[in-house]
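Beneath this line is the structure, given in structure tokens, with notes to follow.
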Amino acid sequence: MEKKELLYEGKAKKVFSTTDPDLRVVVFKDTTTAFDGLKKEELEGKGVYNNRISSIIFELLEAKGIPTHFVKSLGEREMLVKALHIIPIEIVARNITAGSLTKRIGLDEGTPLSRTVLEMNLKNDELHDPMLNRYHIYALELAEPNELDRIETVALEINAILREYFKSLKITLVDFKMEFGRHKGEILLGDEISPDSCRFWDAETGEKMDKDRFRRDMGDVMEAYREVQRRMEGVR
């Protein structure tokens with residue numbers, strides 16, 4: 001099995017075909033963006049941290065019975081994954097108010113929610129990832145009812161597993177994004193779960209340990225990513 005043709009290049013990753021039609025190689029880039037790409041910077045080592053953090057999380061979820069696209073890590077920046085037909089819906093699990101949610105529901109950032117909120121957004125940068133409900137999804141024929149039921153059930157299971165896991169590392173999982181895809185008739189978790197797609201706060205200090213440090217010009221972005229990885233490696 002070897003890496004072949006570049007199939008897709010996004011803001012943070014490249015995806016390559018392989019000699020096996022059922023497998024892909026994902027390469028994590030150092031490019032860091034925010035606000036639909038309006039803010040952009042190269043942060044050395046970001047791709048390495050995101051690959052490693054995502055690999056550990058996928059391994060944990062697989063061990064807990066969650067089906068993912070992850071096969072194995074191939075090196076510092078590369079991950080071997082199952083080929084997915086991505087469902088163009090971003091699922092956001094929110095446990096504590098932060099970011100855009102604070103504006104939409106009028107609660108201060110950091111307010112715990114009485115139950116996890118799942119949000120669904122159309123995966124489309126040009127439209128700024130607008131929020132969807134089930135009626136939109138069915139009208140646009142993005143997913144079948146049984147598929148969406150499965151996605152929501154698995155998303156809540158993933159959230160519960162990761163909240164407990166990060167709690168053990170003294171990290172609060174505020175919210176995070178998930179993407180799912182189809183592989184041989186099965187719905188699998190895809191993309192990545194990393195400080196790029198999660199909000200992590202230090203459980204004791206409240207210090208942000210994720211891409212909000214880049215979005216808000218707080219500095220020490222890579223130091224925060226490194227600390228997340230350090231804590232994760234420390235418990236293995």
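Where a number appears in this text, it was derived from the coordinates with a stated rule and is not lab data. Quantities reported herein were computed from a predicted structural model and do not represent experimental measurements. Quick reminder, even Gly has a Cβ in these numbers, built from the backbone with ideal geometry, and neighbours come from all protein chains shown.
Some observations on this one:
- Residue order, fewest to most surrounding Cβ atoms within 10 angstrom, among Tyr49, Tyr138: Tyr138, Tyr49
- When you filter the GluC sites (Glu not before Pro) in the stretch 64-145 for DSSP loop state and at most 15 other Cβ atoms inside 10 Å of their Cβ, you are left with Glu76, Glu109, Glu141.
- Least to most buried among Ile87, Ile171 (fewest other Cβ within 10 Å first): Ile87, Ile171
- Spin-label pair Arg230/Arg115, simplified geometry with 7 Å Cα→Cβ offset, distance in nm: 3.9
- Taking amide H atoms as placed 1.01 Å from N in the peptide plane, the amide H of Thr32 lies under 5 Å from those of Glu41, Glu42, Leu43, each 5 or more residues away in sequence or on another chain.
- Among the listed pairs Lys14/Lys64; Lys177/Lys211; Lys14/Lys184; Lys167/Lys208; Lys39/Lys167, a Cα-Cα separation exceeding 24 Å is found for Lys14/Lys64; Lys39/Lys167.
- Remark: Arg230, Arg182 ranked as Arg230, Arg182, counting other beta-carbon atoms within 10 Å and listing the fewest first.
- Phi to ³J(HN,Hα) by Karplus 6.51 cos²θ - 1.76 cosθ + 1.60 over the stretch 71-86, Hz, x for Gly, Pro: 10, 5, 7, 9, x, 4, 10, 10, 9, 8, 9, 6, 5, 10, 8, 5
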